[in-house]
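First up is the structure itself, then whatever we jot down about it.
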Amino acid sequence: MVYDYTEYKFINLGFYIQSLAALQFLPKNCQPDLILREKLRYYDGTIINLFMNAWYRISDRNKKISKYIKPIYLSIHIYNEKVLDNETIENFKKYEPIGCRNISTLNMLTKRGINSYFSSCLTLT
């Protein structure tokens with residue numbers, strides 16, 4: 001993923017480091033598509049698998065994703081249980097198991113019946 005910081009007051013270089021860490025899982029000579037995190041709902045290219053990591057739903061713009069994206073939820077962090085509405089829970093259940101960066105996220109998801117595991121941060125791979 002790539003990131004658009006025009007609406008934020010900060011730049012989190014950790015997001016880019018995690019994207020770099022994800023590249024190691026791609027086949028050699030693979031040319032990955034770079035998808036803008038803030039516009040996941042608008043992607044209309046070929047069907048792709050996409051690592052979905054880092055802060056989940058840093059804004060409501062990320063609540064929905066394109067039907068052409070098959071998410072692999074790995075190393076996510078949920079900062080606020082309020083983002084776990086019924087639609088989000090259904091989405092997670094559709095693509096479980098969900099890899100959680102920290103124990104608090106793991107607890108939030110398992111409490112809602114979502115098959116989850118502790119994956120730690122993607123950068124540790």
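The values are calculated or read from the model by the stated rules, or taken from the named source; none is laboratory data. What you see is a predicted model, and the numbers here were worked out from it, not measured in a lab. Neighbour counts run over all protein chains shown; Cβ positions are idealised from the backbone, glycine included.
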Inset, instruction - For the stretch 117-125, indicate whether the set of residues that are surrounded by 17 or more Cβ atoms within 10 Å (Cβ to Cβ), of a type in the set (S, T, N, Q) and outside any loop (DSSP other than H, G, I, E, B) is non-empty. - result: no
Legend entry - Pair list, Cβ under 6 Å, 6 or more apart: the stretch 95-123 residue in contact (Cβ under 8 Å) with a residue 24 or more places away in the chain and over 15 Å from Y79 (Cα atoms), other residue of a type in the set (D, E, K, R) and assigned to a helix (DSSP H, G or I): I114/K93
Inset, instruction - Please give the strands (runs of 3 or more DSSP E) falling wholly within the stretch 29-110 in which 1 or more residues are modelled with pLDDT under 90. - result: 48-55, 69-77
Legend entry - Breaking point among (1) among the aliphatic types (A, V, I, L, M); (2) more than 11 Å from the chain's Cα centre (by Cα); (3) buried (at least 17 other Cβ atoms within 10 Å of the Cβ), for I47: (3)
Inset, instruction - Check off (1) in contact with a Lys or Arg (Cβ under 8 Å, 6 or more places away or on another chain); (2) hydroxyl-bearing (S, T, Y); (3) surrounded by fewer than 17 Cβ atoms within 10 Å (Cβ to Cβ) for Y79 and give me the number that stays unchecked. - result: (1)
Legend entry - Of residues in the stretch 19-44 being hydrophobic (A, V, I, L, M, F, W, C) and touching a helix residue (DSSP H, G or I) at 6+ places or on another chain (Cβ under 8 Å), the one surrounded by the fewest Cβ atoms within 10 Å (Cβ to Cβ): A21
